[in-house]
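See below for the structure under consideration.
FYI, it's all coordinate maths here, none of it is from the lab. Worth saying up front: this structure is predicted, and the values here are computed from it rather than measured. So basically every Cβ, Gly included, is an ideal-geometry build from the backbone, and we count neighbours across all protein chains shown.
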């Protein structure tokens, strides 16, 4: 836990004492919901950072498919 996180927790703890029980319960519900929302598999988060994907196929079969789909023209483009 970083120093900033500790200070944030201390600030919220101070505010917590001034809330009514009903408000405390509502805040707890939101915190639990946020924790449930944050639970993602580490692989999914890692792969989403740079556009990678996971596949059950082997890399060799994917490469073979990509190379097989390539179409080349025999004439040069005159630019």
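At what distance in nm do the modelled label points of residue 49 and residue 11 sit from each other, each positioned 7 Å from its Cα along Cα→Cβ?
2.7 nm
Points 7 angstrom from Cα along the Cβ direction at residue 27 and residue 71: gap in nanometres?
6.3 nm
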